[in-house]
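Data first, discussion second: the structure below is written as structure tokens.
The values are calculated or read from the model by the stated rules, or taken from the named source; none is laboratory data. Everything numeric here is computed off the predicted structure, so don't read it as measured data. Here the Cβ positions follow ideal geometry from the backbone for every residue, glycine too, while neighbour counts run over all protein chains shown.
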Amino acid sequence: MKQIKFTAKLIALIILFIVLWYSIARFFSNQNALDTYVVSSTEFLTDPSATITVMTFNVAHGRGNKLGASNWQENGLDELKKHLEQIAIQIESSSPDIVVLNEVDFSSVWSFHFNQARFIAENTSLKYVVEQNNIDVSFPFFRYQFGNAVLSRYPLKDAAFVQHEPLSELENIFAGNHDAVYVTSATPLGDIGVFAIHLDYRSEETRLEAIK
């Protein structure tokens, strides 16, 4: 009987620990929704005659181009890196100055907690990065953290988290929402505002409200 009581208390403590971990992470999720960093910096001159190329790329959690592929990377981290390398090659071949990435993992258990935005930045000429979480759910030893990212050839500044009306308020509270980020890129043409969003695919009404 004592052994049963001890086991029950241990299970209760473990559950309490997991719930507290998750609750604290969700409480601070909006404050931690943005991360700005520089992979490496370069000098550039202002050029009024310059042109700026902007690109978007839904990287689909790096799962590759196989139809119906799962977000869970069954073939290991090396296979995931191959997918991301191909994405980086496609991006670099277009020589964009600013790229918006959608459905990019920052630290998700199904992709080995590998930061896909940072990897793509390291393998392209786009060294300035802003990450914005849409979903951020954390438990001990694993996490689901993904969303949008802005990669730029030029410095990024004044990043601001932009919240939209959610499809489900409960979902927003317990996991996150299809929100957005507004950031300024200091290009040779001057400051250019970039608004990155991945619209909710489940509701046209929600998408229209976000666009407004």
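Matching residues to (1) exposed (fewer than 10 other Cβ atoms within 10 Å of the Cβ); (2) modelled with pLDDT under 95; (3) of a type in the set (S, T, N, Q); (4) not in a helix (DSSP H, G or I):
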{"site": "GLN3", "(1), (2), (3), (4)": "yes, yes, yes, no"}
{"site": "ILE15", "(1), (2), (3), (4)": "no, yes, no, no"}
{"site": "THR36", "(1), (2), (3), (4)": "no, no, yes, yes"}
{"site": "SER40", "(1), (2), (3), (4)": "yes, yes, yes, yes"}
{"site": "GLU43", "(1), (2), (3), (4)": "yes, yes, no, yes"}
{"site": "ASP47", "(1), (2), (3), (4)": "no, yes, no, yes"}
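In region 53-63, which residues are within 22 Å of SER125 (Cα to Cα) and in a loop (DSSP other than H, G, I, E, B)? Answer for region 53-63, where residues must be within 22 Å of SER125 (Cα to Cα) and in a loop (DSSP other than H, G, I, E, B): THR53, VAL59.
Residues in region 167-183 that are β-branched (Val, Ile, Thr) and either crowded, with 18+ Cβ neighbours inside 10 Å or touching a helix residue (DSSP H, G or I) at 6+ places or on another chain (Cβ under 7 Å) (or both): VAL181, VAL183. Kindly check whether there is at least one residue in region 50-64 that is more than 21 Å from ASP200 (Cα to Cα), of a type in the set (A, V, I, L, M) and crowded, with 19+ Cβ neighbours inside 10 Å. Within region 50-64, none of the residues are more than 21 Å from ASP200 (Cα to Cα), of a type in the set (A, V, I, L, M) and crowded, with 19+ Cβ neighbours inside 10 Å.
Of all the numbered requirements in (1) in contact with a Pro (Cβ under 9 Å, 6 or more places away or on another chain); (2) modelled with pLDDT under 95, PHE142 misses one, and that requirement is (1). The residue of region 27-86 that is nearest to GLN145 (Cα to Cα), among those that are in contact with a helix residue (DSSP H, G or I) (Cβ under 7 Å, 6 or more places away or on another chain) and of a type in the set (Gly, Ala, Ser), is GLY62. For region 18-44, the tally of residues that are of a type outside the set (Phe, Trp, Tyr) and under 18 Å from SER95 (Cα atoms) stands at 5.
In region 167-191, of all residues being among the hydrophobic types (A, V, I, L, M, F, W, C) and in a strand (DSSP E or B), the one that is farthest from VAL38 (Cα to Cα) corresponds to ALA180.
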